[in-house]
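The values are calculated or read from the model by the stated rules, or taken from the named source; none is laboratory data. Owing to the predicted nature of the structure, the values given are computational and were not obtained by experimental measurement. Reconstructed Cβ throughout: ideal geometry from the backbone, glycine too, with neighbour counts over all protein chains shown. The protein model used for the area step is the full one, side chains on, heavy atoms only, and it has no ligands, DNA or RNA in it. Shrake-Rupley method; radii C 1.70, N 1.55, O 1.52, S 1.80 Å.
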Amino acid sequence: MPDTAPRPSYQKFAVDVAPSRIDGQRAFAAESIPQRLKIGEIRGQSISVADARIRATRHERIMIVEVSPRRAIDFSKSSDPMRYTNHSCRPNARLCIRQGRVEFYAMRAIAPGEEITVNYGETHHKGKLACHCGAPGCVGRL
Ligand SMILES: [Zn+2]
């Protein structure tokens with residue numbers, strides 16, 4: 001992805017996207033990210049949870065996060081690099097839903113070139129997708 005557009009203010013650290021050995025694309029740190037700091041957000045289309053569940057049944061590779069019991073964000077058309085953040089059973093970042101926003105925070109210092117991962121927790125897949133993160137203690141399912 002050519003990085004010509006200026007970074008939005010909610011993207012606090014430089015993050016690039018590249019093909020992943022885990023799954024599809026990956027988001028990786030393009031600079032050092034200190035522990036506990038906010039990395040960035042994903043913004044997208046605000047939809048109802050009911051619509052989100054319908055979309056989730058239609059697409060194998062969904063990019064939807066439920067941000068409240070009623071609202072969800074669909075990132076399919078987002079250009080934010082954090083939308084490519086993969087799941088790991090031993091993640092280096094965490095996803096935090098705050099006031100309807102999807103934010104990412106570093107759980108530890110992340111080095112340049114390191115893939116950024118989070119624990120997806122509850123997903124629409126309900127244990128039907130295999131996890132390929134390869135981390136010790138991987139639960140094997142998403
Ligand atoms: Zn895993």
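What to note about this one:
Here's the yes/no breakdown for (1) at pLDDT 95 or above; (2) farther than 17 Å from Asn92 by Cα:
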| site | (1), (2) |
| --- | --- |
| Arg7 | no, yes |
| Ala14 | yes, no |
| Arg21 | no, no |
| Gly24 | no, yes |
| Gly40 | yes, no |
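- Within the stretch 58-85, the residues that satisfy the criterion of being hydroxyl-bearing (Ser, Thr, Tyr), free of Cβ contacts under 8 Å to residues at least 60 places away in the same chain and open to solvent by 30 Å² or more (accessible area, probe 1.4 Å) are Ser68, Ser76.
- On the stretch given as the stretch 35-52, residues that are of a type outside the set (S, T, N, Q), under 29 Å from Met107 (Cβ atoms) and open to solvent by 20 Å² or more (accessible area, probe 1.4 Å) total 5.
- Going through (1) touching a residue at least 24 places away in the same chain (Cβ under 8 Å); (2) within 15 Å of the ligand (Cβ to nearest atom) one by one, Arg94 falls short only on (2).
- Screening the candidates Val67, Val49 for the property of being within 27 Å of Cys138 (Cα to Cα) and not acidic (Asp, Glu) yields one hit, Val67.
- For Arg90: the one exception among (1) open to solvent by 40 Å² or more (accessible area, probe 1.4 Å); (2) closer than 20 Å to Ala111 by Cβ; (3) out of contact with any Pro (no Cβ under 8 Å at 6 or more places or on another chain): (3)
- Inside the stretch 118-142, residues that are surrounded by 11 or more Cβ atoms within 10 Å (Cβ to Cβ), on the phi > 0 side of the Ramachandran plot and at pLDDT below 80 make up a count of 1.
- Qualifying positions in the stretch 47-90 - part of a strand (DSSP E or B) and away from the ligand (no atom under 16 Å from the Cβ): Ile47, Ser48, Ile64, Val65, Glu66, Arg71, Ala72, Ile73, Asp74
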